[in-house]
Amino acid sequence: MLELLLTGASGYIGGAVLDRFVKANIPNLRITAFARNKSYADKIAAIYSDYDLSVEVGEAGYDDPVFSTLVSNADIIVHTGNSSDDQLSANVIAAGIKDGALLIHTSGTYILTDESENDTLVTRKFDDEADIETITSWGLEHHHRDIDLKILGIHAVKPKVNTIVVCPPLIYGNSSGPINKVSQQIPITIRIAAQAKANRCFGEGNAIWSSVHIDDLADFYLLLLTTYLRNPSELAMNELGYYFAESGEQSWKSLVSALDAPLVKYGVIDENHTSKTEKPWSVSDLAQVLGEKSAQGLYKAFISNSGSKATRARKLGWQPKMGDVYAYLDEAVKTFVDGR
């Protein structure tokens, strides 16, 4: 019996991945979800009481001895809980992961944003196969890269350990997970429009991000797992083990513009304050809504380019099935309104 440890089960990505893993009923695989909140752990256990799932709580977080023990016992670790920039969890996993184990670590395509000017139309997409040597040559100036290097370097220290880094782009759609149902970029855009009572673009909106529906992303994690269990040699791992997962792309301008109709429909803004008539956000304007620190980081992210191409995933047989991001904007606004 193989032991699989999943972090982030209460999160947006991790919850969807947990749902896929548990319901796949993979033989000879015991799944343990690590939670840092007891009430969340209890809810997850109750939802999946009919499945073979163990939920362990470490309320001290990744510093908790419960987590380090789970890490040392796991044959497969799937890390999705605040994983992309968390040094503590990376250190605990790197130190404790046992020989013969696989680590699937979740990063993000924010690593690509340092390769182009902000708020400009950049059509280049980084390919996780053709451009892998370029991607893995980047230094610490790239977002997430410090943690990625830590993860990808485990194999050099522990040659019997294998690692994979998954880099999702903008993710959309409601998650099938048990706790957190919504993503980040689109709900944040909706929340800002609600606070400002106006829908405004960020800068000129020329930059482009790739995107993927959360269901398609969860399917990809399941594909990685089942491929590893069937034939690990099919997977790219360790120093070159980056995987992207995208199914489309959109400019920030087109995304914000497409939000106008559902924002008006559900009464979040009125028809006189859509992106067609409102001037774009500046950092100083945004700071009046979010505060200076949040405005700076968010504005930079929303005028950045992050184009990716998931060649490796498709070669494994991954076929995204969900519609594009525009098909789920009405759902996103309705979810926001229902949750207020």
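Here's the yes/no breakdown for (1) surrounded by fewer than 23 Cβ atoms within 10 Å (Cβ to Cβ); (2) farther than 21 Å from Leu223 by Cβ; (3) without any contact (Cβ under 8 Å) to a residue 12 or more places away in the chain:
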residue	(1), (2), (3)
Ala130	yes, no, no
Trp138	yes, yes, no
Glu141	yes, yes, no
His155	yes, yes, no
Asn162	yes, no, no
Pro169	no, no, no
### Task
Please verify whether region 165-174 includes one or more residues that are assigned by TED's automatic domain parsing to the domain that holds Val55, in contact with a Gly (Cβ under 6 Å, 6 or more places away or on another chain), within 30 Å of Ser275 (Cβ to Cβ) and assigned to a strand (DSSP E or B).
yes
### Message
With the requirement that a residue be charged (D, E, K, R), touching a residue at least 60 places away in the same chain (Cβ under 8 Å) and more than 20 Å from Pro169 (Cα to Cα), what does region 286-339 give you?
### Response
Asp330, Lys334
## Note on the structure
How many residues of region 113-154 are at pLDDT 95 or above, acidic (Asp, Glu) and farther than 14 Å from Glu239 by Cβ? The answer is 3
### Task
Can you tell me which residue within region 197-240, out of those that are among the aliphatic types (A, V, I, L, M) and part of a loop (DSSP other than H, G, I, E, B), is surrounded by the most Cβ atoms within 10 Å (Cβ to Cβ)?
Ala207
### Task
For region 1-20, enumerate the residues that are surrounded by 24 or more Cβ atoms within 10 Å (Cβ to Cβ) and out of contact with any Pro (no Cβ under 8 Å at 6 or more places or on another chain).
Leu5, Leu6, Thr7, Gly8, Gly14, Ala16, Val17
### Failed criterion for Ser54 (all others in (1) touching a residue at least 40 places away in the same chain (Cβ under 8 Å); (2) in contact with a strand residue (DSSP E or B) (Cβ under 9 Å, 6 or more places away or on another chain) hold)
(1)
### Query
Just wondering, is there one or more residues in region 300-308 that are of a type in the set (Phe, Trp, Tyr), outside the structural domain of Cys167 (by TED's automatic domain parsing) and more than 24 Å from the chain's Cα centre (by Cα)?
no
### Message
Please verify whether Val71 is modelled with pLDDT of 95 or more, β-branched (Val, Ile, Thr), surrounded by 19 or more Cβ atoms within 10 Å (Cβ to Cβ) and assigned to a helix (DSSP H, G or I), treating the condition exactly as stated.
### Response
yes
### Query
Among the residues of region 44-65, which ones are farther than 29 Å from Thr227 by Cα and assigned to a helix (DSSP H, G or I)?
Ala46, Gly61, Asp63, Pro65
## Note on the structure
Counted residues in region 115-155 being among the hydroxyl-bearing types (Ser, Thr, Tyr) and either closer than 24 Å to Asn206 by Cβ or not assigned by TED's automatic domain parsing to the domain that holds Met237 (or both) come to 4
### Message
Quick test of your reading of the structure: Ala90 fulfils all but one of (1) part of a loop (DSSP other than H, G, I, E, B); (2) surrounded by 17 or more Cβ atoms within 10 Å (Cβ to Cβ). Name the failing condition by number.
### Response
(1)
### Message
Out of Gln319, Gln296, Gln288, I need the residue that is part of a loop (DSSP other than H, G, I, E, B) and either modelled with pLDDT of 90 or more or on the phi > 0 side of the Ramachandran plot (or both). Which one?
### Response
Gln319
### Task
For region 11-43, name all the residues that are within 22 Å of the chain's Cα centre (by Cα), more than 12 Å from Val57 (Cα to Cα) and not in a helix (DSSP H, G or I).
Gly11, Ile31
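The values are calculated or read from the model by the stated rules, or taken from the named source; none is laboratory data. This one's a predicted model, so the numbers in the text were calculated from it and none came from an experiment. Every residue, glycine among them, receives a Cβ derived from its backbone with ideal geometry; neighbour counts consider all protein chains shown.
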